[in-house]
Amino acid sequence: MSEQSIALVTGANKGIGYEIAAGLGGLGWRVGVGARDAERRESAVEKLRAAGVDAFGVPLDVTDDASVADAARLVDERAGRLDALVNNAAVTGGMPQDPTRADPSVVRTAVETNVIGVIRVTNAMLPLLRLSASPRIVNMSSTVGSLTRQTSSADLAVIGPLSVAYAPSKTFLNAVTIQYAKELRDTPILINAACPGFVATDLNGFRGVRTPEQGAAIAIRLATLPDGGPTGAFFDDAGVVPW
């Protein structure tokens, strides 16, 4: 089995996910580029390879059981184990997200990808992670999922717009991260949630003030934590984020 570290990043064909893949690749990791769209996935792989990254494409729809099972088999065939899983794929769910006007299907869509998709992928990849000496899982969250932050101010410029789907889905994801950490506490697996900050991506109409590369930094740090590092916690670049 190769001594080269192996990572899988979901939603890695663009934005923050792509920069996470590029950053880990720049550290010498071999990176699986997980994405649904075949053309965008292969384009990202080609771009990463041109930059010197040892990258390979992984067809992956986190909302589909068969797709996730196939992805796990492909990673097993191509790499034989997994040292880091970065659950980055996410959707807003749709609009409107004012609680009194939103269709329940908007909430369902956000939870299916942002929470259930993470559970589905994590459980499928766990056998490969257990083959690593120092396995890491990073769940890409957001400070809009922090109940403390969301109740710290009435100013929407501070706490973000009304969001009955996306923000609560990240709160749900944070809670799920804690439960995994509890179950896996007697294993070498470290699992944490990460907020990239307000990054300019298509998810927010490119209104963010940070670059995807800046947003990727916290995920790369958590994916490369030393043994004995934190687990079951929530971080951004400034440190621990309150739940």
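Quick note: the coordinates plus some simple rules give every number you see, no bench work behind them. Bear in mind the structure is a predicted one, so any value in this text is a computation, not a measurement. Using ideal geometry, Cβ is built from the backbone for each residue, glycine included, and neighbour counts are taken over all protein chains shown.
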> Counting Lys +1, Arg +1, Asp -1, Glu -1, what net charge surrounds S146 among other residues with beta carbon under 14 Å of its beta carbon?
Replying inline: +1
>> If the only charges are +1 at each Lys and Arg Cβ and -1 at each Asp and Glu Cβ, what is the size of the charge dipole of the chain around the Cα centre, to the nearest 20 debye?
In response: 240 debye
> Given the options L126, L147, L222, which has the most mean-square fluctuation in a GNM of the chain, springs set between C-alpha atoms less than 10 angstrom apart?
Replying inline: L147
>> Run the reach check for K47 against aspartates and glutamates, Cα to Cα strictly under 20 Å, same-chain hits fewer than 8 apart removed. What comes back?
In response: E19, D37, E39, D202, E213
> Can you give the charge dipole size of the stretch 113-185 about its Cα centre, rounded to the nearest 20 debye, using +1 on the beta carbon of Lys and Arg and -1 on the beta carbon of Asp and Glu?
Replying inline: 280 debye
> Rounded to a whole number, what is D in µm²/s for the chain from Stokes-Einstein with the Kirkwood radius over alpha-carbon pairs (20 °C, 1.002 mPa s)?
Replying inline: 120 µm²/s
> Of G17, L85, T231, which is farthest on the positive side of the dipole of the stretch 6-240, counting Cα position, with +1 on Lys and Arg Cβ, -1 on Asp and Glu Cβ, and the Cα centre as origin?
Replying inline: T231
> Once you charge only the Cβ atoms, +1 for Lys and Arg and -1 for Asp and Glu, what is the size of the charge dipole of the stretch 18-75 about its Cα centre, to the nearest 20 debye?
Replying inline: 240 debye
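Given a cut-off of 18 Å, what percent of all Cα-Cα pairs of the stretch 1-135 lie beyond it?
Beyond 18 Å sits 53 percent of the P(r) for the stretch 1-135.
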>> Spelling out what I want: for every residue of the stretch 88-95, take phi, set θ = phi - 60°, compute 6.51 cos²θ - 1.76 cosθ + 1.60 (Karplus), and round to whole Hz; glycine and proline get x.
In response: 10, 4, 7, 9, 6, x, x, 10
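Only Cα pairs under 8 Å and at least 6 apart count here; give the relative contact order of the chain as a rounded whole percent.
Details: 500 pairs, mean separation 46.2, N = 243.
This gives 19 percent for the chain.
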